[in-house]
Amino acid sequence: MQPITRDTLDIIDSALEEDLAYQDPTTACLIPPDQRGRAVLLAKSPGVLAGVGVACAVFQRVDPTVEASILREDGTRLKAGDHVAVVRGSVRGILKAERTALNFIQRMSGIATLTSQYVQAVQGLPVHILDTRKTAPGLRLLDKYAVRMGGGRNHRMNLADGILIKDNHIAALAAQGVSLRETVRRAVEQAPHTLKVEVEVETLQQAEEALEGGAHILLLDNMGLEEMALAAAMARGRALTEASGGITLEKVRAVAETGVDMISVGALTHSVQAMDISLDFQV
C-alpha cells in the first residue's frame, strides 16, 4: 500500500479545498451531526486496484474519527462486486469526503488497469512498459504510483531525474551550428555521473550520430517497425533503446518484438478511463 506521506496529504488537502468539502450545505441540512453509519467501497467493474490507502486517508482527513479498513491491497485484480474497503463513523464526515475519495481511487485504479493491459500484451518479451511526464498537474506522485501497481515502471519523475535531449533542444542548438553528435557529447561530458543521457531520434542517421556522441539511451520517436528494429540492432551493446510515440494496445507487442528495451506510453496517464468504483452505505 502506498505510504501516506506529507506530499500525499498535501495533494489530498488541495483536493478537499477545491471541493469545499468542509462547507457542504446539503449534508449540513439533512444529516444529524450524531448519525453514524457504515459504507463500503465497491468495485463495479473488473480492473487493478490502486489508491485504496489514499481514498481511506481522505475520509480520515475530513473526520479523524472515521474508521477505515482496507480489504484489498493495491495491485489486486478485482472483479465486479468486490469490496475494497469499509468506512465507519460519522455519516456527515463520510458524505463530505465521498467524491474526493472516489476521484482518487477511480483515477488511480484506471491507470493501474490500463498499465496492466499493456504489460500483459508484451508478456514473455524482454521489454519494460514505462510511463511519461504526461500526468495530471499536481497528481504526478499518485499517477506514477498507480503505474507501478499495474506492473509498469516509471520514467523520469521530473526534469531533474535525467537528461533527455529532445527535438527542440536539438533544433535550438542546430540553429547555432551545433551538430547532434556534438550536442550529445557536451551533455555526456557535463552530466553528473549519476545521470544517464537519453536522446530523442527520428531517423537511423540521427541514431548513429547520437551513439557516436556517447548517448546512453536512444528514444526512438515515431519510427516505423522496420526502422525501429534496425535502430535497436544498431544500438545493441552500445546503448539502451526506448520506443515512443503513438503506442497503442494493438501495436505494442509488435513494437516489443523489434528488440527495443523499453516502451513508453503517454496514454497510461494522459488518457486514462476511470475505473467504476462506488461508495455504498449499508443500512
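Computed values, structure above
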read-out	value
Conditions (1) in contact (Cβ under 8 Å) with a residue 12 or more places away in the chain; (2) surrounded by fewer than 17 Cβ atoms within 10 Å (Cβ to Cβ); (3) of a type in the set (Gly, Ala, Ser); (4) on the phi > 0 side of the Ramachandran plot; number of the one not met by Gly177	(1)
Residue, nearest to Gln273 (Cα to Cα), within the range 81-102, restricted to residues that are touching a residue at least 60 places away in the same chain (Cβ under 8 Å) and among the small types (Gly, Ala, Ser)	Ala101
All positions within the range 22-60 that are surrounded by fewer than 22 Cβ atoms within 10 Å (Cβ to Cβ) and part of a loop (DSSP other than H, G, I, E, B)	Tyr22, Gln23, Asp24, Ile31, Pro32, Pro33, Asp34, Gln35, Lys44, Ser45, Pro46
The range 150-208 - residue that is charged (D, E, K, R) and closer than 30 Å to Glu73 by Cα and, of those, nearest to the chain's Cα centre (by Cα)	Arg153
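Residues checked against (1) of a type outside the set (Val, Ile, Thr); (2) in contact with an Asp or Glu (Cβ under 8 Å, 6 or more places away or on another chain); (3) touching a residue at least 40 places away in the same chain (Cβ under 8 Å):
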position: Tyr118; (1), (2), (3): yes, no, yes
position: Ala121; (1), (2), (3): yes, no, yes
position: Arg156; (1), (2), (3): yes, no, no
position: Thr194; (1), (2), (3): no, no, no
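Every residue, every condition in (1) at pLDDT below 95; (2) of a type outside the set (Ser, Thr, Tyr); (3) in the same structural domain as His193 (by TED's automatic domain parsing); (4) within 28 Å of Pro3 (Cβ to Cβ), yes or no:
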| site | (1), (2), (3), (4) |
| --- | --- |
| Thr132 | no, no, no, yes |
| Arg140 | no, yes, no, yes |
| Ala146 | no, yes, no, yes |
| Met149 | no, yes, no, yes |
| Asn154 | no, yes, no, yes |
| His169 | no, yes, yes, no |
| Ala175 | no, yes, yes, no |
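The values are calculated or read from the model by the stated rules, or taken from the named source; none is laboratory data. As the structure is a prediction and not an experimental result, all values here were calculated from the model. Don't worry about glycine lacking a Cβ; one is built from the backbone with ideal geometry, like all the others, and counts go over all protein chains shown.
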